[in-house]
Amino acid sequence: MKNKIYQLTNKNGLVVEFISLGGRLISLKIPENNRFVDVLMGYDTAEGCATGDAYMGAICGRFANRIAHGRFPLDGKWIQLDQNNGTNHLHGGSNGFHKKNWEVKGINLKGYATAYQLSILSEDGDEHYPGNLDAEVIYALNDENELLIEFKAVSDKKTIINLTSHPYFNLKGVGGGTVLDHLLEINARFFTPIDPVSIPTGELKAVSGTAMDFTIPTVLSGPMNSEDQQVNLVGGLDHNWVLNKKEGDLALAATITEPVSGRSVEVFTTQPGLQVYTAMHFDGTSIGRGGHPILPFSCIALEAQNFPDAPNKIHFPSAVLEAGEIYNEKVVYRFSTR
């Protein structure tokens, strides 16, 4: 069923909902004082999720984020992809994984209260990517209020890959206004500056002395109101941070906190980068849950992934997946209240 809603629950009453279309996370309800606070931006119905914002809550791939000019070299040949973001390729193309219907089945996973396995076959040439790619995503929720998202994939040809999940959070809940009063902390001393079309320049720049310094909890309104050139380029944050961690380790990437309620989300990942996006493209024409228009800065995305344009930057972490090699990355969102 294309728009069936699947639920993950735990002993604390936390409820996470998703649909098979795009594997979209559509709701995350935190129980609090005999009510639920939904901290995930979304729509009232599964059908609304299917017709609303293209990436909200979705699995993005085969290559999440941007590739310059929609092309990359592989074994001495240039591969041309869809240019669906100006001159760039974005989030796997116009018909990327966010548009696919994933096969869903419930599974038992040790240490988790509820778990599902989502799978898809992306055929050789899908969006012009080489190789038949078998992709699998695990959604699992434990009793420590940790949502695990685990990505696995294998291809029969050498290819590139970068999978991520794209949930938008507002820890004040539905209709709570902007996230500009949220506190953001990122475990990163460097970020990758972008050019005017949002492609990394290739530099790894120290965050110290810039609006990109979130090494301590920082109220978002400060950097958003700064004259920082990188903020002004896109009217907010849509940047990648170089996480301070060892390759492959599952480590803390970021924490976002709403100071009044004390609700917070910690993000852990095996990935080398974290893209933070403050949702500037929303203009109120998209109507979200409860009839509330989705406005600029009404939510924030924390996307654990490889660096944007990695296939064209040899000093960035490699996005190449050899034939038969197993791609395996994890992200964990841990939810807590005061």
Flag for His69 being surrounded by 23 or more Cβ atoms within 10 Å (Cβ to Cβ) and either closer than 30 Å to Gly175 by Cα or without any contact (Cβ under 8 Å) to a residue 60 or more places away in the chain (or both): no
Among the residues listed as Lys99, Lys2, Lys77, the single one being modelled with pLDDT under 95 and out of contact with any Asp or Glu (no Cβ under 6 Å at 6 or more places or on another chain): Lys2
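For segment 82-104, give me each residue that is among the hydrophobic types (A, V, I, L, M, F, W, C) and surrounded by fewer than 24 Cβ atoms within 10 Å (Cβ to Cβ).
Taking segment 82-104 as the starting set, the residues that turn out to be among the hydrophobic types (A, V, I, L, M, F, W, C) are 90, 97, 102, 104.
Correct list: Trp102, Val104.
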Flag if Tyr55 is of a type in the set (Ser, Thr, Tyr) and under 24 Å from Val154 (Cβ atoms): no
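Which members of segment 13-32 meet the condition of being assigned to a loop (DSSP other than H, G, I, E, B), surrounded by 14 or more Cβ atoms within 10 Å (Cβ to Cβ), out of contact with any helix residue (DSSP H, G or I) (no Cβ under 7 Å at 6 or more places or on another chain) and not hydrophobic (A, V, I, L, M, F, W, C)?
Step one: list which residues in segment 13-32 are assigned to a loop (DSSP other than H, G, I, E, B), which gives 13-14, 20, 22-24.
Of the ones still in play, those that are also surrounded by 14 or more Cβ atoms within 10 Å (Cβ to Cβ) are 14, 20, 22-24.
Checking the rest, the ones that are also out of contact with any helix residue (DSSP H, G or I) (no Cβ under 7 Å at 6 or more places or on another chain) come to 14, 20, 23.
Listed by number, the residues that qualify are Ser20, Gly23.
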Whichever residue in segment 177-218 is without any contact (Cβ under 8 Å) to a residue 12 or more places away in the chain and in contact with a strand residue (DSSP E or B) (Cβ under 8 Å, 6 or more places away or on another chain) and, among such residues, is farthest from Ile67 (Cα to Cα): Glu203
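The values are calculated or read from the model by the stated rules, or taken from the named source; none is laboratory data. Just so it is clear, the model here is predicted, and its values are computed rather than measured. All Cβ positions, even for glycine, are placed from backbone atoms using ideal geometry, and neighbour counts span all protein chains on display.
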